[in-house]
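**Student:** Quick one: the structure is below, and I'll ask about it shortly.
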Amino acid sequence: MTLYVTVATSVRSAMRNAPAHAARIASLLPGEWTARVASSEGDITLAVRGEAVRPEEAREVVTAALEDPALEGWSVRDVRRLTD
């Protein structure tokens with residue numbers, strides 16, 4: 001199973017820096033998270049494999065990471081779990 005968390009922003013400067021922000025967010029999360037820019041609007045999809053992380057916990061840790069001042073304007077948009 002893989003858990004996906006999508007974060008989004010409406011701040012233009014954050015959209016332009018989405019690749020750097022994706023790397024920063026992933027570096028702040030515990031465990032083996034990957035991050036990629038998911039669209040031209042600058043959405044970022046974060047993913048972690050395994051069943052150890054529950055969606056509620058993932059939302060909390062990502063939200064906490066987004067409190068980093070360098071990540072101003074980003075917020076959690078969606079959390080979902082998919083079977084691989």
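**Student:** Please report the carbon-and-sulfur percent of the accessible area for the chain; probe 1.4 Å, protein heavy atoms only, DNA, RNA and ligands left out.
**Tutor:** Values: 2480 of 4980 Å².
Exposed carbon and sulfur together represent 50 percent of the surface.
**Student:** With viscosity set to 1.567 mPa s and temperature to 4 °C, compute the Stokes-Einstein D of the chain, Rh being the Kirkwood radius across alpha carbon pairs; µm²/s, no decimals. Display every interim value, and only then the final one.
**Tutor:** On the way: Rh = 12.5 Å.
It comes out at roughly 103 µm²/s.
**Student:** Apply the Karplus parameterisation 6.51 cos²θ - 1.76 cosθ + 1.60, with θ equal to phi minus 60°, to every residue of the stretch 23-34 and state each ³J(HN,Hα) to the nearest whole Hz, in sequence, with x for glycine and proline.
**Tutor:** Those phi angles translate into 5, 5, 4, 4, 5, 8, 8, x, x, 9, 8, 10 Hz.
**Student:** Just to be sure I understand: with springs between alpha-carbon atoms less than 10 Å apart, which residue in Ala65, Ala35, Ala52 has the highest mean-square fluctuation in the Gaussian network model of the chain?
**Tutor:** So, out of Ala65, Ala35, Ala52, the one fluctuating most is Ala52.
**Student:** Please calculate how many Å² of accessible area the chain carries per residue, with a 1.4 Å probe and no DNA, RNA or ligand atoms counted. Don't skip to the end; give the middle numbers.
**Tutor:** Numbers: 4980 Å² over 84 residues.
Here the residues of the chain average 59 Å² of exposed surface.
**Student:** Next question. Run the quick spin-label model on Ser10 and Thr63: label points 7 Å from Cα toward the beta carbon, then report their separation in nm to one decimal.
**Tutor:** Between Ser10 and Thr63, the label points sit 1.9 nm apart.
**Student:** So how much slack lies between Thr34 and Asn17, counting 0.36 nm per residue of separation and subtracting their Cα-Cα distance, in nm?
**Tutor:** On the way: separation 17, 0.36 × 17 = 6.12 nm, distance 1.69 nm.
Between Thr34 and Asn17, full extension yields 4.4 nm more.
The values are calculated or read from the model by the stated rules, or taken from the named source; none is laboratory data. These figures come from a predicted structure and were not determined experimentally. Glycine also receives a Cβ, built like all others from the backbone with ideal geometry; neighbour counts cover every protein chain displayed. Surface areas here come from the heavy atoms of the whole protein model, side chains and all, with no ligands, DNA or RNA. Shrake-Rupley method; radii C 1.70, N 1.55, O 1.52, S 1.80 Å.
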